[in-house]
Amino acid sequence: MKNKDQKSANWKHKLHEIIYEADTPMGKWFDILLFIIIILSIILVMLESIKSFDAKYHSYLLTAEWVITIFFTIEYLARIISIKKPQHYIFSFYGIVDFLSTIPLYLSFFLAGSQVLLAVRALRLLRVFRILKLVRFIGEASQLKEAIKSSRAKIAVFIYVVLILSVIMGTVMYLIEGADAGFTSIPRSIYWTIVTLTTVGYGDIAPVTDIGQIIAAIIMILGYGIIAVPTGIVTVEFAKQGTKTTSEKNSNTIQEIHTNTQVCQNCNADNHKDHATYCYNCGNYLNEQ
């Protein structure tokens, strides 16, 4: 019985190394294969949206979609089987994304019928969630995440100021232009201000008075500067993340960015320190390579 349990544990451990980690040769090949299949699945979704192409090659597209869906189903089940506490994966961000990217085709199969065709098509659009799975392959994702996290307070204040400015300018434009020019209410005027401030300019509403056009020109000019502000904030923080490895030699208070891809088989925790032997969350042995 012990030998059987030991064989089962070894089998699950090897499976875990392949599908959860990129530090092993098999893990790297699996990630490359998964990356290619995700790209192909996204291309299929795009091609199906072209009515003429879908009408001509619908059967081929459907067959390819079923093959990819079955692959994702096997991958999803393998991730559940290979971890000691499956709930840590099932209810995690990637677990939910993997589930949402797998079920739509099955739902469309069970809900097939002329009365629910529109609903089925809407359900099939959930397959775009697969693009979120690509995040796990981006090495700089942790740096970008930390940069956005570090700058969230500044960005929040900036957005707050922009909203206040939009309310004030929208109210002013409502008083100046009035309903005849399309500014029928303060909310609609605020909508016009935001559209103009972001340099989108739909053109559905436009000022007709001289004063209104002057204010609109000012808002347009402000828009160029406003767009650059959050980009600059995140860029500065991202640059700081890139220098942390060098800076931490002189300070122990700066957080290090690690490239370790090991995921704990017990609790599904990731982002372990380089050369870590035990999980920082539950203490489980990581079997360092």
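Taking the range 88-102 as the range and being part of a helix (DSSP H, G or I) and surrounded by 12 or more Cβ atoms within 10 Å (Cβ to Cβ) as the test, the residues that pass are HIS88, TYR89, ILE90, TYR94, GLY95, ILE96, VAL97, ASP98, PHE99, LEU100. Annotation: of all residues in the range 79-96 being out of contact with any Lys or Arg (no Cβ under 7 Å at 6 or more places or on another chain) and among the β-branched types (Val, Ile, Thr), the one that is farthest from ILE18 (Cα to Cα) is ILE96. Tell me which of these ILE81 doesn't satisfy, since it passes every other one: (1) surrounded by fewer than 15 Cβ atoms within 10 Å (Cβ to Cβ); (2) closer than 30 Å to CYS282 by Cα; (3) without any contact (Cβ under 8 Å) to a residue 40 or more places away in the chain; (4) among the β-branched types (Val, Ile, Thr). Evaluating ILE81 over (1) surrounded by fewer than 15 Cβ atoms within 10 Å (Cβ to Cβ); (2) closer than 30 Å to CYS282 by Cα; (3) without any contact (Cβ under 8 Å) to a residue 40 or more places away in the chain; (4) among the β-branched types (Val, Ile, Thr) leaves (3) as the failure.
Here THR243 meets the list (1) modelled with pLDDT under 75; (2) outside the structural domain of TYR174 (by TED's automatic domain parsing); (3) under 27 Å from ILE148 (Cα atoms); (4) polar (S, T, N, Q) almost entirely, failing just condition (2).
Taking THR193 as the residue in question, decide whether it is in a loop (DSSP other than H, G, I, E, B), among the β-branched types (Val, Ile, Thr), out of contact with any strand residue (DSSP E or B) (no Cβ under 6 Å at 6 or more places or on another chain) and within 18 Å of VAL167 (Cα to Cα). Here the answer is no, as THR193 does not meet what is asked.
Condition check ((1) aliphatic (A, V, I, L, M); (2) farther than 22 Å from LYS145 by Cα; (3) at pLDDT below 80) across all residues:
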site: GLY232; (1), (2), (3): no, no, no
site: ASN252; (1), (2), (3): no, no, yes
site: ASP270; (1), (2), (3): no, no, yes
site: ASN287; (1), (2), (3): no, yes, yes
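The values are calculated or read from the model by the stated rules, or taken from the named source; none is laboratory data. No experiment lies behind these values; they were computed from the predicted model shown. All Cβ positions, glycine included, derive from the backbone under ideal geometry; neighbour counts span all protein chains shown.
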